[in-house]
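These notes concern the structure reproduced below.
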Amino acid sequence: MGYEIITNEKNVARVKLDIAKEDFDAGIQKAYQKNKNQFKVDGFRKGKVPLKIIESRYGKNIFYEDALEASFPTAYNKFIAEVEWTTCAQPTLIEINEMGDNGAVVTIDVALYPTFELCEYKGIKVGPVKYTFKKSDLDKEISKLRDQQARLVPAEDEAKDGDTVTIDFEGKIDGEPFEGGKSEDYKLVLGSDHFIKGFEEQLVGHKPADKVEINVTFPEDYSMAEFAGKDAVFSTEVKEVHHKELPELDDDFAVDQGYENLEDMNKKLKEKIKTEKNAALKKEAISKITNYLVENTEIDIPPACVEERVASLKEENDNSLRMNGINPDDYYSYLMAQSEENSPEQFYAVFERQAIRDLKSEMIYTKLLEVEQITFTDEQYQGELDKYAKLYGKTMEELRTTESLEAALKPYIEFQLKMNNINEFLLENADKTK
C-alpha cells in the first residue's frame, strides 16, 4: 500500500492513497457477484454471465465505481493504522486519480482528532454553591400546595388577580374579524399571562354580565407574522367570576398532604427545598464551568467532523418532530413562511453552532479526564449498578448474571461516573466566593 501526505493543516490532512491491485480486483469480484443477476446475454442463464463477457460487452470499467467503494475501506484502515492517526470523521473523497488494471489511486481529506491546549481550568469563578435557607422559599412552596387544593367559589363582585373568569370574546383588526380571534365560555385565570399583554389587566374590576371593549397590540415578535405589531379590539362579555378560596393552613391540611402535622410538613418541606436548591446551584456552577472552558479553549475542529455532527443533530430534531406527528419539511417550510430571516442556511447555522459547542465540550472533558487521571471507585460503580438493578426490578445478583444487560450498562455507567467525578474535581477547585 502506498500513500503520499500532500498537506496537513488545521487537523485536515490531504492524502493521495493507493488501493492495491489485489484489493481492487477483489472489489471487482464483489461488485460482479452483487450485480450479475442484472445482466442478460444470449446463450447464458440469468446470473451466469461470466465477468469477462460482461466487461467485453459493457466496458472493462463497468464495475470500477462499485469496486472502489468495496475496496477503499480496507486500504484506508491499513493507512490509518500505519500512520497511527486518530480521526474524528469519515474521510472525504476529493478526486479519483486512477482506476484500472493496477488498482486505484484516490485523493482524500482525513479529519484528524484535534490536538489542543486546555485553558486554565482551576479557579473558575462560579459563586456560592451552598444554599442559605430563606423562609420566603418555604412560604412559596406552601403557597403552591394551597393553590393546588384551592376551591373556585362563584362570585357576583368584581374580578381580581388570581380569579378565574368565564368570557365570550371576538377580536377584530381594522374592524374585521380574524381567524382564531373568537371564543365562547373561555375560562381565563387573571394574572396568568396566557393572553396578549394588557388583555387580562382590562378584565380586572369587572363583574358578571359586564361587557368590555379590550384594546391590545400584538407584539412585534408575535408567532403569527400577519398579526405582529397590529392593534386589535376584543368585544368581551364577562359571564362568570370565580374567586379562589385557599384551604386553612393547619394540621388537617398537612395531613391531607401526607404529613403527620403542620410542624412535620414545614420540617420536611424545608429539607426538600434545601436539597433542590443545592442541586440547582451545583448544576448552575457546572454549567458556568463548561461555558468558561468552551469559550476559552481554542480548538481547530475539522469541517467534516462538524458536518457529521450537524447531520446527527438535524436527524435527532427531525425524529423528535415525527414522534409528535409533525412532518419536518412542513415544519421548516412553516418557519420560513413566518419570517424572511428563516432560511435553510439559518437553520444550518443554528445546528452548526450547537455542533461546535458540543464537540468542543466533549473534547475538553475527554482531555481533562486524561490529564487529571479521573476514574471511579468500585463502591461508586456498585452503587450505580444497584440503582439500575432496582430500576429493572432485579437483584444485584440477577443483574450481574444477565450478562448482556450489565455489558450494555457498564460503558454508560463508567462514563457517567467519570463525568460526575471530573465535575466534582472542577467544582472543588473553582472560585466559590461571592
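In the range 223-244, is there at least one residue being more than 30 Å from M336 (Cα to Cα) and out of contact with any strand residue (DSSP E or B) (no Cβ under 8 Å at 6 or more places or on another chain)?
no
F199: closer than 21 Å to F227 by Cβ, hydrophobic (A, V, I, L, M, F, W, C) and out of contact with any Leu (no Cβ under 8 Å at 6 or more places or on another chain), yes or no?
Criteria met by F199.
I'm trying to understand the selection: among the residues of the range 161-178, which are touching a residue at least 24 places away in the same chain (Cβ under 8 Å) and part of a strand (DSSP E or B)?
Matches in the range 161-178: T164, V165, T166, I167, D168, F169, E170, G171, K172, I173, F178.
Wholly within the range 219-335, which helices (runs of 4 or more DSSP H) include no fewer than the required count, namely at least 3 residues that are within 30 Å of Y348 (Cβ to Cβ) and either of a type outside the set (S, T, N, Q) or in the same structural domain as I364 (by TED's automatic domain parsing) (or both)?
262-296, 303-323
Only one of (1) without any contact (Cβ under 8 Å) to a residue 24 or more places away in the chain; (2) crowded, with 17+ Cβ neighbours inside 10 Å; (3) not assigned by TED's automatic domain parsing to the domain that holds E176 fails for V216. Which number is that?
(3)
On the given criteria, is K197 surrounded by 11 or more Cβ atoms within 10 Å (Cβ to Cβ), without any contact (Cβ under 8 Å) to a residue 40 or more places away in the chain, outside any strand (DSSP E or B) and touching a strand residue (DSSP E or B) at 6+ places or on another chain (Cβ under 8 Å)?
For K197, the condition - surrounded by 11 or more Cβ atoms within 10 Å (Cβ to Cβ), without any contact (Cβ under 8 Å) to a residue 40 or more places away in the chain, outside any strand (DSSP E or B) and touching a strand residue (DSSP E or B) at 6+ places or on another chain (Cβ under 8 Å) - is met.
Return a yes/no flag: does the range 416-434 have any residue that is free of Cβ contacts under 8 Å to residues at least 40 places away in the same chain, β-branched (V, I, T) and out of contact with any Lys or Arg (no Cβ under 7 Å at 6 or more places or on another chain).
No: the range 416-434 contains no residue that is free of Cβ contacts under 8 Å to residues at least 40 places away in the same chain, β-branched (V, I, T) and out of contact with any Lys or Arg (no Cβ under 7 Å at 6 or more places or on another chain).
Identify all residues within the range 27-51 that are hydrophobic (A, V, I, L, M, F, W, C) and either out of contact with any helix residue (DSSP H, G or I) (no Cβ under 9 Å at 6 or more places or on another chain) or closer than 12 Å to A104 by Cβ (or both); write none if there are none. Let's see the steps before the verdict.
We begin by selecting, within the range 27-51, every residue hydrophobic (A, V, I, L, M, F, W, C); these are 28, 31, 39, 41, 44, 49, 51.
Matches in the range 27-51: I28 only.
Against the definition (in contact with an Asp or Glu (Cβ under 9 Å, 6 or more places away or on another chain), at pLDDT below 95 and either polar (S, T, N, Q) or under 27 Å from R151 (Cα atoms) (or both)), how does D193 come out, yes or no?
yes
Condition check ((1) within 28 Å of the chain's Cα centre (by Cα); (2) not in a helix (DSSP H, G or I)) across all residues:
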residue: E370; (1), (2): yes, no
residue: I374; (1), (2): yes, yes
residue: E379; (1), (2): no, no
residue: G393; (1), (2): no, yes
residue: F415; (1), (2): yes, no
residue: K434; (1), (2): no, yes
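Considering the range 394-434 alone, what residues qualify as being among the aliphatic types (A, V, I, L, M) and either under 30 Å from N291 (Cα atoms) or in contact with a Leu (Cβ under 7 Å, 6 or more places away or on another chain) (or both)?
In the first step, residues of the range 394-434 are kept if they are among the aliphatic types (A, V, I, L, M); the result is 396, 399, 405, 407-409, 413, 417, 419, 422, 426-427, 430.
Within the range 394-434, M396, L399, L405, L409, I413, L417, M419, I422, L426, L427, A430 qualify.
In the list D256, D300, which residue meets the criterion of being under 30 Å from A111 (Cα atoms), out of contact with any Gly (no Cβ under 6 Å at 6 or more places or on another chain), in contact (Cβ under 8 Å) with a residue 24 or more places away in the chain and among the charged types (D, E, K, R)?
Selected residue: D300, the only one of D256, D300 that is under 30 Å from A111 (Cα atoms), out of contact with any Gly (no Cβ under 6 Å at 6 or more places or on another chain), in contact (Cβ under 8 Å) with a residue 24 or more places away in the chain and among the charged types (D, E, K, R).
The values are calculated or read from the model by the stated rules, or taken from the named source; none is laboratory data. Since we're looking at a predicted model, the values are computed, not measured. Cβ: placed from backbone, ideal geometry, glycine included. Neighbour counts: every protein chain shown.
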